[in-house]
Amino acid sequence: MLYQLHEMQRSFLTPLMQWADASSKLFSNPVSPFAHTPFSQRIAAGYELMYRLGKDYEKPAFGIKTVKIKDADVGIIERTVVEKPFCKLIHFKKDLSDKAFAALKQPSVLVVAPLSGHHATLLRDTVRALLVEHDVYITDWIDARMVPLSEGPFHLHDYIYYVRDFIRHLGPDVHVISVCQPTVPVLAAISLMATNKDPKLPKTMTMMGGPIDPRKSPTAVNDLAIEKPFSWFENTVIYSVPGNYPGYGRKVYPGFLQHAGFIAMNPGRHAQSHREFYQHLVQGDDDSAEAHRQFYDEYNAVLDMPAEYYLDTIKTVFQEHALPKGTWEVGGQLVRPQDITSVALFTVEGELDDISGLGQTRAAHDLCSGIPKEKHLEFVAPKCGHYGIFSGRRWREIICPKITEFIKANA
């Protein structure tokens with residue numbers, strides 16, 4: 001019922017938000033006479049803030065049109081190469097002839113994006129930086145409310161099978177980068193491939209800020225998953241998709257509830273950010289105001305997660321700790337990271353990460369005991385929070401170059 005009430009509220013608010021948007025333009029557009037009245041900037045700023053606080057945020061585009069390679073701008077063509085019910089594999093193809101692209105000798109990289117609230121476009125900065133030296137693919141997870149019930153459920157083991165299929169599609173020379181939540185299913189997928197002696201094992205796996213072993217340096221996210229019984233998650237955050245979406249009747253963890261949780265983790269910081277946005281509009285600081293818009297256009301765009309997948313993750317990863325304990329079975333097979341021997345491993349953590357605590361990702365090295373010592377690498381980014389390890393200046397200037405060197409060294 002909560003989902004239906006949310007949709008009803010959204011339908012009531014939409015005309016009001018459209019009015020607020022139009023009013024903001026009325027008091028800010030220089031061709032409008034109202035823009036030259038006293039206090040017009042303050043009025044316009046107030047209306048825009050109202051609009052942005054109440055509007056519905058759709059999935060943004062990646063919007064990567066070009067990348068600079070050797071002082072030349074190269075066009076980027078975004079295309080879907082594999083399409084599954086719950087995910088698309090997207091290729092950021094460089095607009096070059098086959099001969100010119102081959103001359104670049106760029107290794108293929110599969111970026112496995114999180115299915116944990118935000119869209120894959122949250123990794124836009126990750127993709128843009130990697131494109132300079134790599135041929136980049138990314139998993140673009142589909143909002144569960146848009147997937148018809150006839151497509152069946154989507155469990156954590158289905159995520160693992162999707163990752164395995166994408167790795168096989170790209171061949172044995174691919175390098176896999178997983179960011180946050182997918183570090184666990186990616187390690188499981190590669191472990192199962194190694195156990196079964198799959199000839200298309202990737203060359204390397206880079207794991208960034210993920211809960212491989214959530215028992216190490218537990219954060220508020222980990223504490224919540226342990227403090228609440230499994231039944232609480234089943235009965236409190238799972239709802240059915242209403243009838244105005246293709247996924248009508250599907251059980252999901254709704255995006256609007258996830259977004260409320262994101263805001264609740266740092267309410268003061270978000271309130272201050274919105275106050276500063278209002279002040280920037282009043283002062284005419286367009287650059288700062290636009291930076292705020294871009295950040296929250298992405299941050300506020302959320303998707304529904306399939307209920308089975310979410311509940312599996314809570315139980316298997318955060319409550320049972322099945323991966324580090326060695327008790328996780330997928331399709332009747334035990335997940336054995338120690339069977340991996342040829343895939344190089346690089347872990348990246350943020351010193352100030354408040355989502356996946358320090359040491360949680362590094363735990364992969366202890367589990368992957370079969371990998372030769374020279375193929376292990378780890379890095380803790382100083383003064384870096386969770387989002388900073390895959391987006392922003394530290395990502396571009398420090399972390400991405402280290403990943404590039406790691407891939408080159410193990411190509």
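The values are calculated or read from the model by the stated rules, or taken from the named source; none is laboratory data. Model, not experiment: these values are computed from the prediction. Note that each Cβ is placed from the backbone with ideal geometry, even for glycine, and that neighbours are counted across all protein chains shown.
Being assigned by TED's automatic domain parsing to the domain that holds P401 and either in contact with a helix residue (DSSP H, G or I) (Cβ under 7 Å, 6 or more places away or on another chain) or in contact (Cβ under 8 Å) with a residue 60 or more places away in the chain (or both) narrows it down to one of L110, L96, L49, so name that one. If you could, list the steps in order and put the result at the bottom.
On the way: L96 fails: either in contact with a helix residue (DSSP H, G or I) (Cβ under 7 Å, 6 or more places away or on another chain) or in contact (Cβ under 8 Å) with a residue 60 or more places away in the chain (or both); L49 fails: assigned by TED's automatic domain parsing to the domain that holds P401.
Going through L110, L96, L49 in turn, just one is assigned by TED's automatic domain parsing to the domain that holds P401 and either in contact with a helix residue (DSSP H, G or I) (Cβ under 7 Å, 6 or more places away or on another chain) or in contact (Cβ under 8 Å) with a residue 60 or more places away in the chain (or both): L110.
What's the number of the only condition in (1) among the hydrophobic types (A, V, I, L, M, F, W, C); (2) assigned by TED's automatic domain parsing to the domain that holds S391; (3) in contact with a strand residue (DSSP E or B) (Cβ under 9 Å, 6 or more places away or on another chain) that A102 fails to meet?
So the condition that A102 fails would be (3).
If you check every pair at least six apart or on different chains, which have Cβ atoms under 9 Å apart with a residue in the stretch 321-346 that is closer than 13 Å to P372 by Cα first and a residue that is of a type in the set (F, W, Y) and modelled with pLDDT of 95 or more second?
The qualifying pairs are A344/F406; F346/F379; F346/F406.
Assigned by TED's automatic domain parsing to the domain that holds R124, surrounded by 13 or more Cβ atoms within 10 Å (Cβ to Cβ) and under 27 Å from H292 (Cα atoms): is that true of I76 in this structure?
yes
Of everything in the stretch 292-351, what is hydroxyl-bearing (S, T, Y), farther than 30 Å from K408 by Cβ and modelled with pLDDT of 95 or more? Give them in sequence order.
Scanning the stretch 292-351 gives Y309, Y310, T313, T316, T327.
Could you give every pair whose Cβ atoms fall below 6 Å, whose first residue belongs to the stretch 278-297 and is closer than 15 Å to Y387 by Cβ, and whose second residue is hydrophobic (A, V, I, L, M, F, W, C), counting only separations of at least 6 or pairs across chains?
none
Which one of these is more than 30 Å from V132 (Cβ to Cβ), aromatic (F, W, Y) and either out of contact with any Gly (no Cβ under 8 Å at 6 or more places or on another chain) or surrounded by 16 or more Cβ atoms within 10 Å (Cβ to Cβ) (or both): F62, F34?
Checking each option against the conditions leaves just F34.
In the stretch 373-382, what residues are in a helix (DSSP H, G or I) and surrounded by 14 or more Cβ atoms within 10 Å (Cβ to Cβ)?
Start the filter on the stretch 373-382 by keeping residues that are in a helix (DSSP H, G or I), which leaves 373-375.
Residue satisfying the conditions is K375 alone.
Of the residues G385, G357, only one is free of Cβ contacts under 8 Å to residues at least 40 places away in the same chain, in a loop (DSSP other than H, G, I, E, B), surrounded by 15 or more Cβ atoms within 10 Å (Cβ to Cβ) and touching a strand residue (DSSP E or B) at 6+ places or on another chain (Cβ under 9 Å); which?
G385
List the residue pairs whose Cβ atoms are under 7 Å apart, where the first residue sits in the stretch 145-174 and is touching a residue at least 24 places away in the same chain (Cβ under 8 Å), the second is part of a helix (DSSP H, G or I) and charged (D, E, K, R), and the two are 6 or more positions apart or on different chains.
What qualifies is P153/E308; F154/E308; H155/E308; H155/D312; L156/D312.
Of the residues T219, T195, T206, which single one is crowded, with 16+ Cβ neighbours inside 10 Å, among the β-branched types (V, I, T) and at pLDDT below 95?
T219
When the stretch 136-154 is examined, which residues are found to be more than 15 Å from the chain's Cα centre (by Cα), surrounded by 19 or more Cβ atoms within 10 Å (Cβ to Cβ) and outside any helix (DSSP H, G or I)?
Result: V136, V147, F154.
Quick one: which of K70, K84, K55 is basic (K, R), more than 19 Å from Q294 (Cβ to Cβ), crowded, with 16+ Cβ neighbours inside 10 Å and out of contact with any Leu (no Cβ under 6 Å at 6 or more places or on another chain)?
On the way: K70 fails: crowded, with 16+ Cβ neighbours inside 10 Å; K55 fails: more than 19 Å from Q294 (Cβ to Cβ).
So the residue among K70, K84, K55 that is basic (K, R), more than 19 Å from Q294 (Cβ to Cβ), crowded, with 16+ Cβ neighbours inside 10 Å and out of contact with any Leu (no Cβ under 6 Å at 6 or more places or on another chain) is K84.
Considering only the stretch 388-411, how many residues are surrounded by 15 or more Cβ atoms within 10 Å (Cβ to Cβ) and in a helix (DSSP H, G or I)?
13
Which of the residues spanning the stretch 256-295 are assigned to a helix (DSSP H, G or I), of a type in the set (S, T, N, Q) and more than 20 Å from P60 (Cβ to Cβ)?
Q272, Q279, Q283 - these are the residues of the stretch 256-295 that are assigned to a helix (DSSP H, G or I), of a type in the set (S, T, N, Q) and more than 20 Å from P60 (Cβ to Cβ).
Looking only at the stretch 217-239, which residues are in a helix (DSSP H, G or I) and farther than 25 Å from V112 by Cβ?
Matches in the stretch 217-239: D223, I226, E227, F230, S231, W232, E234, N235, T236.
Which of the residues belonging to the stretch 389-411 are modelled with pLDDT under 95 and under 17 Å from the mean Cα position of the chain (by Cα)?
The answer is S391, G392.
Of P199, P214, P246, which residue is under 21 Å from the mean Cα position of the chain (by Cα) and either not assigned by TED's automatic domain parsing to the domain that holds L358 or not in a helix (DSSP H, G or I) (or both)?
Values: P199 fails: under 21 Å from the mean Cα position of the chain (by Cα); P246 fails: under 21 Å from the mean Cα position of the chain (by Cα).
None of the other options fit; the residue is P214.
So that you can scan it fast, the table gives a plain yes or no per residue for (1) in contact with a helix residue (DSSP H, G or I) (Cβ under 7 Å, 6 or more places away or on another chain); (2) hydroxyl-bearing (S, T, Y):
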residue	(1), (2)
K325	no, no
V330	yes, no
I340	yes, no
A344	yes, no
T347	yes, yes
K373	no, no
N410	yes, no
